[in-house]
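Below is one structure, written out as C-alpha cells; comments come after it.
The values are calculated or read from the model by the stated rules, or taken from the named source; none is laboratory data. In this text, all values refer to a predicted model and were calculated from it rather than measured experimentally. Neighbour counts are summed over all protein chains in view; Cβ atoms, including those assigned to glycine, are modelled from backbone coordinates with ideal geometry. To get the accessible areas, we keep the full protein, side chains included, count just its heavy atoms, and leave off ligands, DNA and RNA. Shrake-Rupley method; radii C 1.70, N 1.55, O 1.52, S 1.80 Å.
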Amino acid sequence: MKIQTNLLLVSTSFLLVWNCETKPSNVDSTLLLPLLQMENTNPIDGSDNPDIPGPVSSHPGVWLADTVKSAPGHTGSGIGNSNNAVNGVRGAGLTGGGTDVFSLYYTLANDHIILEWSGHKITNGPGIDFIVFENAFKVSNPSTYFMDIIIVEVSNDTTNWCGFNPNYSFAPETTYSKNPADWPRFAGRNSVLFHETTKNFGHDPSLVFELANSGGDGFDLDELSDVSNSAGGSGCNSSLRDELKTGFTYIRLSSASSVRWKNPDTNLAFVKEAISNGPDIDGVYARYRTTR
C-alpha cells in the first residue's frame with residue numbers, strides 16, 4: 001500500500017489529505033520484510049508555512065514510522081491489518097479509543113510489531129525524540145484510564161534491543177492500577193489527541209511534540225537503559241545503549257503482559273486490565289532523523 005500526503009492551503013491552516021490504495025490481504029506476515037512503504041512527499045515539518053519564523057532547518061520534522069518490519073499477528077483486515085500502524089495517527093480524543101489501529105495480543109505468536117522509517121535512522125535531539133500512540137482513554141477522574149500497556153525498545157539490527165527500564169510502581173504489584181502515573185517508562189498510558197485531519201498542527205509542527213497537545217507517550221533517547229532483563233532490553237549493554245542514543249533504525253512495541261516479559265520485582269507477567277485483549281497501535285512519530 002502506498003500513501004501520499006498532500007497539503008492543501010485553506011485560509012491560514014493546512015489540511016492533510018490521505019490518498020490510499022488498498023493493499024492485498026494475502027501478505028505473508030511471517031517474513032521479516034517491510035509490509036508497507038509509504039511515500040510522504042510533504043511531511044508535517046512546516047516547510048511550506050510562512051507563518052513559522054526562521055529557516056526550515058531550525059524546525060524539527062514530524063516523521064511517521066512508515067514501514068512494518070515484522071508483525072506476526074498480521075491478518076490483512078480490520079484491527080489485524082498491520083498497515084494501520086503506519087498509515088497515520090487518528091486518535092479519538094481524551095475519552096475515546098481510536099479504531100484505525102493494529103492490535104497486539106499476549107502470546108508470542110502475535111505480541112509485538114517492529115516498525116522503521118524507510119531509508120532513515122531516528123536520532124537524538126532536544127526534548128522527547130519520538131511518541132508512541134496507542135488508544136488508551138480516560139474513564140472517569142484524571143487518574144483513571146483504560147490502558148493496554150506496552151514495552152518499548154529500539155535496535156539497529158532487530159536482534160539486540162535496548163529499552164527504557166520500565167518499572168511498575170503500584171503496590172502491591174500483583175494488583176492492576178488504572179493510573180498512568182503507576183506505569184513509568186511504558187507506552188499505552190495516555191489518550192491520543194492528535195488526528196491526521198482534524199488536529200494535525202500543520203501551522204506549527206513543534207506542537208506535535210508537546211504531549212498536552214498530542215497525547216501519546218513520549219520517549220527521550222537520553223533515557224535509554226543498559227539493562228538487559230525480563231522487562232525489555234534483550235541483548236542490551238552499555239556499549240549498545242550509547243550507540244542507540246545517537247540513533248536507531250527499528251522500534252519494537254510489545255504487549256507488556258505477554259509471556260515474553262516478566263516483572264523483575266515479582267518474576268510474574270505484568271498485570272493487565274481484566275477486560276483487555278491487547279494493545280492497539282495507532283502509530284509512532286519521531287522528531288529527528290538522518291539518512292541511513
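Looking at region 95-114, which of the residues that are touching a strand residue (DSSP E or B) at 6+ places or on another chain (Cβ under 8 Å) and of a type in the set (A, V, I, L, M, F, W, C) is nearest to residue 72 (Cα to Cα)?
Looking at residues that are touching a strand residue (DSSP E or B) at 6+ places or on another chain (Cβ under 8 Å) and of a type in the set (A, V, I, L, M, F, W, C), I get 113.
Would you mind finding the one in 192, 152 that is of a type outside the set (S, T, N, Q), crowded, with 23+ Cβ neighbours inside 10 Å, under 22 Å from residue 269 (Cβ atoms) and touching a residue at least 40 places away in the same chain (Cβ under 8 Å)?
152
Can you list residue pairs whose Cβ atoms sit under 8 Å apart, with the first residue in region 239-267 being among the acidic types (Asp, Glu) and the second being open to solvent by less than 10 Å² (accessible area, probe 1.4 Å)? Count only pairs 6 or more apart in sequence or on different chains.
The qualifying pairs are 265/168.
Would you pick out the residues in region 238-249 that are under 26 Å from residue 104 (Cβ atoms) and either open to solvent by 30 Å² or more (accessible area, probe 1.4 Å) or part of a loop (DSSP other than H, G, I, E, B) (or both)?
Those that are under 26 Å from residue 104 (Cβ atoms) and either open to solvent by 30 Å² or more (accessible area, probe 1.4 Å) or part of a loop (DSSP other than H, G, I, E, B) (or both): 241, 249.
Residue 227 versus (1) hydrophobic (A, V, I, L, M, F, W, C); (2) farther than 21 Å from residue 138 by Cβ; (3) within 20 Å of the chain's Cα centre (by Cα): which is the lone unmet condition?
(3)
Looking only at strands (runs of 3 or more DSSP E) that lie completely in region 77-147, which have at least 3 residues being modelled with pLDDT of 95 or more and open to solvent by less than 30 Å² (accessible area, probe 1.4 Å)?
112-116, 130-134
Among the residues of region 157-181, write down those that are surrounded by 20 or more Cβ atoms within 10 Å (Cβ to Cβ) and assigned to a helix (DSSP H, G or I).
180
So that you can scan it fast, the table gives a plain yes or no per residue for (1) open to solvent by 10 Å² or more (accessible area, probe 1.4 Å); (2) part of a loop (DSSP other than H, G, I, E, B); (3) at negative phi:
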residue: 212; (1), (2), (3): yes, no, yes
residue: 258; (1), (2), (3): no, yes, yes
residue: 271; (1), (2), (3): yes, yes, yes
residue: 276; (1), (2), (3): yes, yes, yes
residue: 283; (1), (2), (3): no, no, no
